[in-house]
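The block underneath contains the structure these notes are about, expressed in C-alpha cells.
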Amino acid sequence: MSSHPYATLTPERVMDAVDSLGYLCDARILALNSYENRVYQVGIEDQLPLIAKFYRPGRWSRAAIAEEHQFLFELEREELPVVAPILHGGESVFEFDGFYFALFPRRGGHAPELSNEDDLELLGRWLGRLHNIGSRKPFAERATIRGGDDIRLAAEQVLKCGLMPDDFRPAYESLIRDLLAHIDQQYPADKLKTLRLHGDLHTGNLLLREDVLHMVDFDDCIQGPAMQDIWMLLSGDRAEQRQQLMVISEGYEMFRPFPNHELRLIESLRTVRIVRYAAWLSQRWDDPAFPIAFPWFEGHRFWSEHLLSLREQLAALQEEPLSTSVY
C-alpha cells in the first residue's frame, strides 16, 4: 500500500509544490473530499487560501489536462459560471516530483435543490450556452463516449479484477451480453453528433452561492452527445423526470434546440455509468483510500445490488424513451 504514488504526497510535499510557484504557504492544509485525484485547500500568507489539485499519476497526459483547462478558459471568457485554474507564467498545468497539479481560486457553496424549477431552468440555460461553446470544435486529447464499447471495456476490468465473488460471475456475464444486445442498437456511436461536455454533471458538481450557480470539477470533461450533460440532473419516477426535462428544455432552448432526438440515449448512458462505476472501483483498489472508503465493495451485498441495477437497466432499455411532448 505504501508504494502507491499518493503515499508520497505528504503535506510538506503539497506545500513545496505550491511554494514552487512563488507562493508562501502558511502551513494550513485541509484535504478536501476527492478520491480520483487529491485536492487540498492550502493557506497562503497574506492572501486567500487556494485549492491545489494533484492529478492521479498515469490517468491523464499533460496535454489532456491542458485541454480541460483550455475548455474552462473558453467558458469563462463567455461568462459561464465555472471555476477556471490560475495561470502562472502563462501556464495552468505544473509538474512537481512526478505529479501534475493545478491551482484554483477557492469557491464555497452548497448543492442546489433540483426540485426547484427555477434552478432547473437556470441549469438548462447554462447547458445551452455550454453546449454552444462545446460544439465549436472537438476535443483532441480527451475520450469520447462509445456506448457498447465502454461497457465491454468496463466489464472486462470487473471480471479480471478478482474482487467479484465467483458465484456472481455467470449472472454478470449474461446480463452484460443482454444489455449490449440493446445498447449496440440504441447507441450508434459512430453516427451520433458529439460535442465537448462537462461529462459528470451531478448535483455534487454544482455549487450555489449567493444565488449564483457554479458548475465545477471538469475533470471528466469528454466528447459525447449533449444528453450526457442532461440526464444526470433527472430524479424520481418517469412523470417527475418528464416534468424536469420540460423545465430544463425551456431554459436550454433559449440558446440552442433541445436534443429531443437524444432522449432515447438516456438509458444507454445510464447503463454505461453503472457498469463503469464498478470498473472504476476495481481499477482503483490498489489506492489505500479506496478499501477504506468503500469497504463494502468486496461483499456479496454490493454485487447483489449491482446485478439488480443491471437487471433494472435491461428492463428500462426496453421501455419507451422519455419525452418532453405534451400528451
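In this view, the solvent-accessible surface of Thr194, computed with a 1.4 Å probe and all protein chains in place, comes to about 50 Å².
Local charge for Tyr40 was computed over the other residues whose Cβ lies under 14 Å away, with Lys and Arg +1 and Asp and Glu -1, and equals +1. Based on the convex hull around the alpha carbon atoms, region 73-152 presents an average projected area of 8.9 nm².
Determine the sum of side-chain charges near Leu163: Lys and Arg each +1, Asp and Glu each -1, restricted to other residues whose C-beta is under 14 angstrom from that of Leu163.
Here the charged neighbours net out to -2.
The alpha carbon centroids of region 239-311 and region 1-80 are separated by 27 Å.
Quick check: at a probe of 1.4 Å, how many percent of the accessible area of the chain sits on carbon and sulfur atoms?
Ligands and nucleic acids excluded, carbon and sulfur reach 49 percent.
Looking at the chain, the accessible area is 48 square angstrom per residue; that uses a 1.4 Å probe and ignores ligands, DNA and RNA. Counted over region 127-231 with a bin width of 10 Å, the fraction of Cα pairs per bin, in whole percents, is 13, 34, 30, 18, 5, 0. Peptides 217-224, 33-40 ordered by packing proxy, namely the average of other Cβ atoms within 10 Å per residue, highest first: 217-224, 33-40. Summing +1 for each Lys or Arg and -1 for each Asp or Glu among the other residues whose beta-carbon sits under 14 angstrom from that of Ala289 gives 0. Using only Cα coordinates, the Kirkwood hydrodynamic radius of region 32-89 works out to 13.1 Å. Normalising the average separation of contacting C-alpha pairs (under 8 angstrom, six or more residues apart) by the number of residues puts the relative contact order of the chain at 19 percent.
In percent, rounded to a whole number, the relative contact order of region 260-327 is 56, using alpha-carbon pairs under 8 Å and six or more apart.
Using every pair of separate Cα atoms, the Kirkwood estimate puts the hydrodynamic radius of the chain at 21.4 angstrom.
The values are calculated or read from the model by the stated rules, or taken from the named source; none is laboratory data. Just so we're clear, the structure is a prediction, and the values are computed from it rather than from any experiment. We place every Cβ from the backbone using ideal geometry, glycine too, and count neighbours over all the protein chains shown. Please note that ligands, DNA and RNA were not included when accessible areas were found on the heavy atoms of the full protein model with its side chains. Shrake-Rupley method; radii C 1.70, N 1.55, O 1.52, S 1.80 Å.
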